[in-house]
Amino acid sequence: MSQSERILVMAHAHPDLSLGGGEIAAYNLFNAYRQDEGVAAAWFLARADLGAGVTGEISLRREDEYLWQQASMDNFRMKARDQASLTGAFADLLRALRPTVVHAHHYLHLGLEFLRVIKAVDPTIRIYLTLHEFLAICLNDGQMIKAGSFKLCEQSSLQDCHRCFPDKTPADFWLRKHYFQRHFDLVDGFISPSEFLRQRYITWGIPSERIVMIENGQAISPKLPPRKLAANESRNRFAFFGQINPYKGIDLLLESLMLIPTEQRQNLLVQIHGANLHTQSIPFQEKIAALRAPLEAEGVLQWVGPYQPHELHSRMQAIDWVLVPSIWWENSPMVIQEAFVCGRPVIASDIGGMAEKVKDGVNGLSVAMGNRLAWSTALQRAAAMTDDWDLLTSGIRAPLSYGQCADAHLQVFTRMVSRQSLDDVQS
Amino acid sequence: MALPDVQASPVRHLDAAGNSQFLKLDSVQNLDGRLTLYGWVTGSLELALFVGGKPVDCYKTTSARPDVARHFGLNTTTQLGFTLFAQVSSTQDLCLGWRAGSADPYILSSPLSFEVQHDLGLQSAQSLPGLWPDLPDQMLSSDWRERLDELAYPPETGPCAMGAIDKVLVCEQTGDWIIYGWVVHNPTAMMLIEMPDGSDHSLDGAYRYYREDVARALGDEAGYRCGEAAFILKLPFAQTSGAIKLKVRVGDELRYLSLLEPTLLTSDPVLAAKHLLAVPSALSGLSRRMQRVENTIIEGLLQAEVSRWSQLGVTQRQFGQAPAQTTLSIIIPVYGDLRLVEHQLLEFVMDDWLMANAELIYVIDDGRTAALFEQEIAALHTLYPVAMQWLWGGAHRGFAGACNLGASRARGDYLIFMHHDVIPVSAGWAAELIAPLQQHAELGLVGPQLLSADGTMQHSQLELDWHTAFDLWTVKASERGLPPALNTRMPTASIGVPAALLSSACIALRRSQFDRWGGWDTAYLMGDFADVDLSMQAHEQASQVVILPQVVMVHLQRLSHVQPGAGDLRSRIAIYNLSRFKRRWLGLIAQRAADGHAGFAMPAKPIGKEGE
């Protein structure tokens, strides 16, 4: 393969400074591009807050990696706060690097105008945008949950969005969508890490032929050996990994545990490997504290706490199941892919990106979202498994590696040289 | 125990027999130590004034207070009102005292509050009651006495008329005085307005209307005519200052009721109209009232304002190079929300034909945002390289005036006027709008299908609708809120849907015709209804007006034409504009209606002459 592509990867954050799923995926892809034979050069440009305010300056982080001190005004208009650097520092960087492809992950904190500047600097630069959530569709932090409640939202509309945000008129929401869509018109192709998210954007207005699904890549290693069981022991160790916030369903998980009769409950162990509870609201923190105390006293619950990415495999070694009890749609939760890399089946809510990745009875268990009784039953059922767990483990398909993920993207870039040719890729 | 505050609320006095009397002090005036206290009492309490705890000499008169009597269910002719006069050297701890009988001690009020005046302003004089006693000479100085005499009624005759001048406005530009007030009088009394030069004018030419507050306060006093107590009188008068007086003549006897200095009316026609029309009278008679009072004033101010515009400097900025051959000029007045401009640019920049053939002219019509717009448009132009100029005409000109300013700088043979909250939804819209004008000489105006943000039609047609209650045509939006698929006014001609009227939200026409018609009519207040007037211009010139349903644009402001029935100020202005529209186009509308042209409705009964 000849080295033809010069790829600038853009992200809303740098993993050196922030450990969100989107920026990690973007950075891993950047490194994979650099190692790919088909790529002549690759760079990483991440938005950053370096404590100096929104200066608009672009600075070097390390070789081929840049930081842009940019921010967006708000999630409603999604305009860049530093307008001058769009046609200044950013345009200069484009002219200097001369990318053939800009692969953007997210536009949060960047604003949408950078898409327009790319085409203004060089209309032949192809833009691909990976969508990590529903921010264009939903003003409520892109969650597609009704504001002020945890009610799931199926589809945006001018009137419904106004009901969630009464200070904005339906006409305001028309303007917001108009602004997003006209900027998305400049994008040559969209990538979605899940089919669920892809379908949501198709319903919203992106033509189906312009958006493809490529799962996030993972660092592939052999599956971890199953946890060694003692005599008469079953697969009764569970763990939650990730951020702790009201959308992740931790409170639901703990309440489900309480529904299990005490005698049976004491046969299982749940670990929480979670971070950032202290940043949540006080009522939420108090609720979690009240729920965890009796379970910890019983020895059913272990609050392990945050972890670094390199610690993940050792922590998964000690458990049998990974729990994803989220009460919002999720997109393509990284933890599901990580669990599969480690050979751990997943018990997840049966909606959105979780339902897409976790197939009940194939690679895990699918549980009714938000249903404490169902979760209670599922935990008891899983905790009693031995051979069935082996079957589920064997049903796990290895996720894409970073290299495979990069190759899939490069195929898209190669074959989707224009919007019209996206049909070919889809086929 | 706190002393009763007789100025704040009525004080109840309970005598030994258990009978209640109520007492209230309405106002206290202090003119250099000459005190006048006005109030009412429902019984026969003895009243006195105290300074520093000691009684001072005072003189008391009484008058009827029908409002108080009615409230307490007493005979309305009972003299419940009182006025106390006193001249004092000190007002330290000035209190009102009262008692039921001479054997009782006085009950004192809390210290009275008042403002000290150093001369008798006309407002003070006017506020004095209509009945005046013969005051003891020692109570009053001669100058005050003289002024009071002017206003006095002899108490022995009783009131045969009451009234007041509430407001006097002077319009310097038109030389008109507008006098607002109310009168009630018995049939033998003749009410007169005396101008500063001494000339008398009857109220016969005034617009008269019912005033609820007057009727409630005075009720059905014997001999009074409260039905249309209020009046608005317009009088031509060369001076701009001097007191104006309301007086009553009964036989040979002449008495003054009220006098007032005038206030200058602003020369800003919109502000002036708001000021004039804010005086409430029934909406159903507003058109007749305007015909008698306000119309010529507002028209005069609008003409003066338009003349003033021509003397103002125009700020102009050009961004980008306009096409060498400019076919089309798109003129967009901007008032208020600037963020909408970016949404238009989002569309314009993606329209290849527009970029190659059209110039964009933004006319800022809002002094509050002119400077900000200059910064915003410069920043936007770096992202949206559309050739454009922006203009600021130094004054808020309204939509029509701003359009005319933009047109004066336009180079295209075709013009599109549009609101800044109208957003095209696909490229090619501008070329499509003017194509019929290029091909069909019989066409005069072309408009798009306007949708609301929710995708429904703002209207399939704008039609004239006769409003019986106001004797005016209003503009009716047909099929508003329906999906375009339910449009029953589908094309009946090859070049679009014939229309009676077009919305100013977006109108395309030839430059030559625009000039021939004299541009947008600036004599409508706030630009409302100038669009329907432009449509009538086209009809008058036998030019066809059409809508192209295939050209779709989103108009974010759902209501463009204000309806007259709401009763707010905006609807009063709408009545002004609709009255003017009716005067101008009555004949042509009747002719169109007789020809069976859709959208021109005539009333079932003949239309009366306006003002009758």
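The values are calculated or read from the model by the stated rules, or taken from the named source; none is laboratory data. Owing to the predicted nature of the structure, the values given are computational and were not obtained by experimental measurement. Ideal geometry is used to build each Cβ from the backbone, glycine not excepted, and the neighbour counts take in all protein chains shown.
The set of residues in the range B:430-454 that are surrounded by 24 or more Cβ atoms within 10 Å (Cβ to Cβ), touching a Pro at 6+ places or on another chain (Cβ under 9 Å) and more than 17 Å from residue B:538 (Cβ to Cβ) contains only B:430.
Would you check if residue A:33 is closer than 17 Å to residue A:215 by Cα, touching a strand residue (DSSP E or B) at 6+ places or on another chain (Cβ under 6 Å), touching a residue at least 12 places away in the same chain (Cβ under 8 Å) and not in a strand (DSSP E or B)? For residue A:33, the condition - closer than 17 Å to residue A:215 by Cα, touching a strand residue (DSSP E or B) at 6+ places or on another chain (Cβ under 6 Å), touching a residue at least 12 places away in the same chain (Cβ under 8 Å) and not in a strand (DSSP E or B) - is met. Taking residue B:407, is it over 26 Å from residue B:533 (Cα atoms) and either under 35 Å from the mean Cα position of the chain (by Cα) or within 14 Å of chain A (Cβ to nearest Cβ) (or both)? Considered against the rule, which asks whether it is over 26 Å from residue B:533 (Cα atoms) and either under 35 Å from the mean Cα position of the chain (by Cα) or within 14 Å of chain A (Cβ to nearest Cβ) (or both), residue B:407 comes out as no. Can you say whether residue B:325 is in a loop (DSSP other than H, G, I, E, B), without any contact (Cβ under 8 Å) to a residue 12 or more places away in the chain and more than 21 Å from residue B:368 (Cβ to Cβ), as far as the supplied structure shows? Taking the combined requirement at face value, the residue does not satisfy it. Of the residues making up the range B:1-41, those that are within 16 Å of residue B:107 (Cα to Cα), aliphatic (A, V, I, L, M) and either surrounded by 18 or more Cβ atoms within 10 Å (Cβ to Cβ) or modelled with pLDDT of 80 or more (or both) are B:2, B:3, B:6, B:11, B:14, B:23, B:25, B:41.
Against the conditions (1) of a type in the set (Val, Ile, Thr); (2) surrounded by 19 or more Cβ atoms within 10 Å (Cβ to Cβ); (3) out of contact with any helix residue (DSSP H, G or I) (no Cβ under 6 Å at 6 or more places or on another chain), residue A:117 satisfies every one except (3). Tell me which residues, restricted to the range A:74-110, are assigned to a loop (DSSP other than H, G, I, E, B), away from every other protein chain (no Cβ under 11 Å) and of a type in the set (A, V, I, L, M, F, W, C). Across the range A:74-110, the qualifying residues are A:78, A:108, A:110. Taking only the range B:329-341 into account, find how many residues are surrounded by fewer than 21 Cβ atoms within 10 Å (Cβ to Cβ), within 12 Å of chain A (Cβ to nearest Cβ) and in contact (Cβ under 8 Å) with a residue 12 or more places away in the chain. So the count comes out to 2. Across the range A:337-352, which residue is farthest from residue A:230 (Cα to Cα) among those that are outside any helix (DSSP H, G or I) and touching a residue at least 40 places away in the same chain (Cβ under 8 Å)? So, considering only residues that are outside any helix (DSSP H, G or I) and touching a residue at least 40 places away in the same chain (Cβ under 8 Å), the one farthest from residue A:230 (Cα to Cα) is A:351. Suppose the filter is modelled with pLDDT of 95 or more, within 37 Å of the chain's Cα centre (by Cα) and within 14 Å of chain A (Cβ to nearest Cβ); does residue B:375 pass it? No. Selection of first residues in the range A:111-129 that are within 14 Å of another protein chain (Cβ to nearest Cβ) and of second residues that are basic (Lys, Arg) and not in a strand (DSSP E or B), restricted to Cβ pairs under 8 Å at least 6 apart or on distinct chains, gives the following pairs, ordered by first then second residue: A:111/A:79; A:111/A:81; A:112/A:79; A:113/A:79; A:121/A:95.
Restricting attention to the range B:374-416, which residues are in contact (Cβ under 8 Å) with a residue 24 or more places away in the chain, surrounded by fewer than 20 Cβ atoms within 10 Å (Cβ to Cβ), part of a helix (DSSP H, G or I) and not aliphatic (A, V, I, L, M)? Hits for the range B:374-416 are B:374, B:376, B:381. Taking the numbered list (1) β-branched (Val, Ile, Thr); (2) buried (at least 21 other Cβ atoms within 10 Å of the Cβ); (3) over 26 Å from residue A:274 (Cβ atoms) in turn, residue A:202 passes all entries but (2). The set of residues from the range A:148-159 being free of Cβ contacts under 8 Å to residues at least 12 places away in the same chain and within 14 Å of chain B (Cβ to nearest Cβ) comprises A:157, A:159.
When residue A:179 is tested against (1) closer than 30 Å to residue B:553 by Cβ; (2) modelled with pLDDT under 95, only condition (2) is not met.
State whether the residues of the range B:491-508 include one that is within 14 Å of chain A (Cβ to nearest Cβ), surrounded by 24 or more Cβ atoms within 10 Å (Cβ to Cβ) and outside any loop (DSSP other than H, G, I, E, B). Scanning the range B:491-508, I find no residue that is within 14 Å of chain A (Cβ to nearest Cβ), surrounded by 24 or more Cβ atoms within 10 Å (Cβ to Cβ) and outside any loop (DSSP other than H, G, I, E, B), so the answer is no.
Among the candidates B:416, B:434, the residue that is modelled with pLDDT of 95 or more, under 29 Å from residue A:174 (Cα atoms) and within 33 Å of the chain's Cα centre (by Cα) is uniquely B:416.
Residue B:217 meets all of the listed conditions (1) more than 21 Å from the chain's Cα centre (by Cα); (2) part of a strand (DSSP E or B) but one, namely (2).
Results for (1) surrounded by fewer than 20 Cβ atoms within 10 Å (Cβ to Cβ); (2) over 18 Å from residue B:66 (Cβ atoms); (3) in the same structural domain as residue B:296 (by TED's automatic domain parsing); (4) modelled with pLDDT under 80, shown as yes or no for each residue.
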{"residue": "B:173", "(1), (2), (3), (4)": "yes, yes, yes, no"}
{"residue": "B:182", "(1), (2), (3), (4)": "no, no, yes, no"}
{"residue": "B:195", "(1), (2), (3), (4)": "yes, yes, yes, no"}
{"residue": "B:204", "(1), (2), (3), (4)": "yes, yes, yes, no"}
{"residue": "B:215", "(1), (2), (3), (4)": "yes, no, yes, yes"}
{"residue": "B:233", "(1), (2), (3), (4)": "no, yes, yes, no"}
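Scanning the range B:48-100 for residues that are in contact (Cβ under 8 Å) with a residue 60 or more places away in the chain and not hydrophobic (A, V, I, L, M, F, W, C) yields B:59, B:61, B:63, B:66, B:67, B:70, B:76, B:91. Of the listed requirements (1) of a type in the set (Asp, Glu); (2) more than 14 Å from every other protein chain (Cβ to nearest Cβ); (3) farther than 23 Å from residue B:431 by Cβ, residue B:454 misses just one: (2). Only one entry of B:354, B:345 meets the criterion of being within 14 Å of chain A (Cβ to nearest Cβ), in a helix (DSSP H, G or I) and not basic (Lys, Arg), and that entry is B:345. Of the residues A:309, A:333, the single one that is outside the structural domain of residue A:132 (by TED's automatic domain parsing), surrounded by fewer than 20 Cβ atoms within 10 Å (Cβ to Cβ) and touching a residue at least 60 places away in the same chain (Cβ under 8 Å) is A:309. Residues that are within 14 Å of another protein chain (Cβ to nearest Cβ) and farther than 24 Å from residue B:457 by Cβ occur at least once in the range B:386-401.
Set side by side, the residues A:184, A:134, A:173 differ, and just one is surrounded by 21 or more Cβ atoms within 10 Å (Cβ to Cβ), among the aromatic types (Phe, Trp, Tyr) and more than 14 Å from chain B (Cβ to nearest Cβ), which is A:134.
For the range A:353-417, the helices (runs of 4 or more DSSP H) that sit wholly inside it and include 3 or more residues that are among the charged types (D, E, K, R) are A:387-394.
Residue count for the range A:237-264, restricted to those that are out of contact with any Pro (no Cβ under 9 Å at 6 or more places or on another chain), in a loop (DSSP other than H, G, I, E, B) and buried (at least 21 other Cβ atoms within 10 Å of the Cβ): 1.
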